[in-house]
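**Q** This is the structure I have questions about; it appears just below.
All of the numbers you see were taken from the coordinates with simple rules; none came from a lab. Note that the structure is predicted; figures quoted are calculated from it, not measured. Every residue, glycine as well, gets a Cβ built from its backbone with ideal geometry; the counts of neighbours run over all protein chains shown.
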Amino acid sequence: MSNPVVAELIELLQLERLEENLFRGQSRDIGTRYVFGGQVLGQALSAAQRTVDPDRTVHSLHAYFLRAGDIDAPIVYDVDRARDGKSFSMRRVVAIQHGQPIFNFAASFQVHEPGFEHQIDMPEVTRAEKLLPHEAVPAEELAKMPVKLQRWLARKGAFEFRYVTPRNELKPAKRPPYQQIWFRLIDRAPDDDALHRALLAYASDFHLIGTAMLPHGISYLQGNVQVASLDHALWFHRPFRADEWLLYSCDSPSAQGARGLTRGMIYSADGRLVASTAQEGLIRLLPE
């Protein structure tokens, strides 16, 4: 692992242990106004995983975003060891900043068991190797934007994304509420399954709210559109590596009440369904 951006993200997910069930994490400014939701998801899962026996693997997590996170302040993760049964363990985590909870999280872990298997087939889409990296905003338009927004749009993050059907975020056309995006870590990560699950939790927060905006021809770049993650669910199905190509197939079945619901299925390049997600996000149209 030689890429400093990837090394920084992995370090961000490691956390400092303060007590047996108490951890502290820092934040990385990627150009967003507040702490990126995927960062809190990944850190909370990292904290929970460190309190569970290694023979138990996370299979599901459910979270609520309560308050916007302060990028300049550390986040404390308080883990409650709710249950350790013969096959399953449950952990609850509260993320705290400035004395207030900003995030609630619950995760379930299971010992490995064989059982029945089936899955929905991966969509037939252009392979990642045949797609080019996509710029959300042309360079000449990017130069006219506020510096912080430029950092978000021009960021060289730890993950690379390749869109099967790219979209111009400055001139968003109305499209059906679904999209497919290939993604992977831009450098090799250590052979640590728990780390790869935390990395996937981090990346799973990208593209979900955006899918719910597709049929309305609106973009997060508009000054009169307010978006935020409200909750997040993630299920892990099969082994994977976050540094190999994964396909994020997203669809939004409904939007109403200033909220949009999006579902996602994450496939490995060989077609295995490795994880599923669901998220409801705030999509609020503000007065001009």
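**Q** Sum -39500 (n - 2.57) across every DSSP H segment of at least 4 residues in the chain, then divide by the residue count to get the 222 nm mean residue ellipticity, nearest 500. Intermediate results must be reported in sequence, preceding the final value.
**A** Details: 6 runs with 52 residues, N = 288.
Estimated from H runs of four or more residues: -5000 deg cm²/dmol.
**Q** Now for a different question. Answer rounded, prolate or oblate for the stretch 62-150, using the Cα gyration tensor with square roots of eigenvalues a ≥ b ≥ c: rounded when a/c is under 1.5, else prolate when a/b is larger than b/c, else oblate. Don't jump to the answer; show the numbers that get you there.
**A** On the way: a/c = 4.33, a/b = 1.22, b/c = 3.53.
Since a/c reaches 1.5 but b/c is at least a/b, the shape of the stretch 62-150 is classed as oblate.
**Q** Once you charge only the Cβ atoms, +1 for Lys and Arg and -1 for Asp and Glu, what is the size of the charge dipole of the chain about its Cα centre, to the nearest 20 debye?
**A** Approximately 640 debye in magnitude.
**Q** A further question on this structure: Please give the length that would be gained between ASP78 and VAL125 if that part of the chain were fully extended, namely 0.36 nm times their separation in residues minus their C-alpha to C-alpha distance (nm, one decimal).
**A** Stretched out fully, the ASP78 to VAL125 stretch lengthens by 12.7 nm.
**Q** For a quick check: with amide H placed at 1.01 Å from N, whose amide H comes under 5 Å from ASN3's, ignoring anything fewer than 5 positions away on the same chain?
**A** none
**Q** If you take every residue apart from GLY217 with its C-beta less than 15 Å away from the C-beta of GLY217, what net charge results, scoring Lys and Arg +1 and Asp and Glu -1? Show your work: numbers first, answer last.
**A** On the way: positive: ARG167, LYS171, LYS174, ARG175; negative: GLU169.
Combined, the nearby Lys, Arg, Asp and Glu give +3.
**Q** Can you tell me the relative contact order of the stretch 169-288? Whole percent, Cα pairs under 8 Å, sequence separation 6 or more.
**A** Relative contact order, the stretch 169-288: 32 percent.
**Q** What angle, in degrees between 0 and 90 and rounded to the nearest 10, separates the Cα long axis of helix 193-203 from the longest principal axis of the Cα atoms of the chain?
**A** Its long axis makes an angle of about 30 degrees.
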